[in-house]
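J.: Sharing a structure here in structure tokens format.
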Amino acid sequence: GILEWVTEAQKRSKDTDGKIVALQKEKDTLVGEYKTQRKIVDDLKNELQGNIARHTKLAEEPSQSETVLQESLAAIHKLRDQLSAGNEKLKDLKKGVKDVQDKLKIERTLDVEAGEDIQGNFELSYVVKGDEYRALKKDNVQFMEEEKDRLQMEAEQTIAEAKLSASQGKMLTVDQMIELQEELANVNSQLSHLALHVQCLEAEREKLEENVECLRSAHRTEAEAHKMRNLLTFRQFKDYYEEAKTANDHKYRELLNSCVQDCVFLSSKNSELEEEVLTLKKKEKSTDCDSALIPLL
């Protein structure tokens, strides 16, 4: 019955807490690996750009040997392959962190919803959801900053590779230049659209936060009014109960006094009747004795 339900609830809570701790440890490990891999990738990008810049200067020297240029170019290709593999590993780690974050969020939500302290408590629910929202916002801001840095590094790498191609004597044709210009125009258009989209989302978020605060304030006001109505109703009920109690107490006291008076009267009457009966019996006995003496005379 109740004992089994309590035991089962405690067991579920303990299991959920264990899952949360395990997921948090897994997240911390993945985040540490992601930061380490991120530093490795950034170092590879910087090294690649430096090698490309040095190769460009070497190619501009007329007396530079072909062997040195080939060795420099081979080092650049090697770094490019390492950078590609590093980016793939970084992408996998990032996906792993996101998956663990989603699982952790689900487990925390289940743990909070299962807690007895939050059931029917709007303010506590608001605080918990607010913490979740701020954590998500922080993760999204970090994600956007990382994506911004990644795009900037890729753009710098693309420029460096273009300079490398130019240093190797590879010239762009008219069609390639037109294609690059079209691609640049499309990218600029997409970036403008994305910037406008982000701006609109920021305005929607601010409006949503404002509406949530207004709803919270309205809910708090309504809750206070509901509480006051409940207190007023309880006070009125208490006053009515006290009045009814006083009236009933007075009524039953009068009834009790009347009963006591009736009992006293009946007791007194009963004593009188008993005395009358006793007197009659004595008279009857005296009469019987006189009747018995008359024949003897």
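The values are calculated or read from the model by the stated rules, or taken from the named source; none is laboratory data. Please read all numbers here as calculations on a predicted model, not as lab measurements. Ideal geometry is used to build each Cβ from the backbone, glycine not excepted, and the neighbour counts take in all protein chains shown. In case anyone asks, the SASA skips ligands and DNA or RNA and just uses the protein heavy atoms, side chains included. Shrake-Rupley method; radii C 1.70, N 1.55, O 1.52, S 1.80 Å.
J.: Kindly indicate the residue of segment 226-249 that is farther than 23 Å from PHE122 by Cα and aliphatic (A, V, I, L, M) and also least open to solvent (accessible area, probe 1.4 Å) among those meeting that condition.
T.: If we take residues in segment 226-249 being farther than 23 Å from PHE122 by Cα and aliphatic (A, V, I, L, M), then ALA244 is least open to solvent (accessible area, probe 1.4 Å).
J.: For TYR34, work out the one condition from (1) closer than 19 Å to GLU146 by Cβ; (2) open to solvent by 30 Å² or more (accessible area, probe 1.4 Å) it doesn't fulfil.
T.: (2)
J.: Sticking with this structure for a sec: Search segment 128-151 for residues that are surrounded by 13 or more Cβ atoms within 10 Å (Cβ to Cβ) and pair each with any residue that is of a type in the set (Ser, Thr, Tyr) and assigned to a helix (DSSP H, G or I) when their beta-carbon atoms are under 9 Å apart and the residues are at least 6 apart or on different chains.
T.: Note: pairs meeting the criteria are VAL128/THR109; GLU132/THR109.
J.: Pairs needed: first member in segment 42-62, touching a residue at least 60 places away in the same chain (Cβ under 8 Å); second member anywhere, open to solvent by 40 Å² or more (accessible area, probe 1.4 Å) and assigned to a helix (DSSP H, G or I); C-beta distance under 6 Å; at least 6 residues apart or different chains.
T.: Listed by first residue and then by second, the contacts come to THR56/LYS163.
J.: When residues of segment 61-88 are filtered for being open to solvent by 60 Å² or more (accessible area, probe 1.4 Å) and either of a type in the set (S, T, N, Q) or not in a helix (DSSP H, G or I) (or both), how many remain?
T.: Of the residues in segment 61-88, 7 are open to solvent by 60 Å² or more (accessible area, probe 1.4 Å) and either of a type in the set (S, T, N, Q) or not in a helix (DSSP H, G or I) (or both).
J.: May I pose another question? So which of GLU183, GLU204, GLU254 ends up being closer than 30 Å to HIS77 by Cβ and open to solvent by 80 Å² or more (accessible area, probe 1.4 Å)? Write out each step before concluding.
T.: Numbers: GLU204 fails: closer than 30 Å to HIS77 by Cβ; GLU254 fails: closer than 30 Å to HIS77 by Cβ.
Testing whether each residue is closer than 30 Å to HIS77 by Cβ and open to solvent by 80 Å² or more (accessible area, probe 1.4 Å) leaves just GLU183.
J.: On the basis of being small (Gly, Ala, Ser) and farther than 30 Å from LYS103 by Cβ, does GLY32 make the cut?
T.: Values: small (Gly, Ala, Ser): yes; farther than 30 Å from LYS103 by Cβ: no.
It is false that GLY32 is small (Gly, Ala, Ser) and farther than 30 Å from LYS103 by Cβ.
J.: Among the residues of segment 39-48, are any more than 30 Å from LYS129 (Cα to Cα), exposed (fewer than 12 other Cβ atoms within 10 Å of the Cβ) and within 45 Å of the chain's Cα centre (by Cα)? Before you say what the answer is, go through the steps one by one.
T.: Taking segment 39-48 as the starting set, the residues that turn out to be more than 30 Å from LYS129 (Cα to Cα) are 39-48.
Add one more test, that the residue is exposed (fewer than 12 other Cβ atoms within 10 Å of the Cβ), and what stays is 39.
Still in the running and within 45 Å of the chain's Cα centre (by Cα): 39.
Scanning segment 39-48, I find at least one residue that is more than 30 Å from LYS129 (Cα to Cα), exposed (fewer than 12 other Cβ atoms within 10 Å of the Cβ) and within 45 Å of the chain's Cα centre (by Cα), so the answer is yes.
J.: If you check THR221 against the conditions, is it over 30 Å from ARG134 (Cβ atoms) and among the hydroxyl-bearing types (Ser, Thr, Tyr)? First the steps, then the outcome.
T.: Details: over 30 Å from ARG134 (Cβ atoms): no; among the hydroxyl-bearing types (Ser, Thr, Tyr): yes.
No; evaluated as a whole, the condition is false for this residue.
J.: Which ones in segment 89-114 are loosely packed, with under 13 Cβ neighbours inside 10 Å and either under 9 Å from the mean Cα position of the chain (by Cα) or at pLDDT below 75 (or both)?
T.: GLU113
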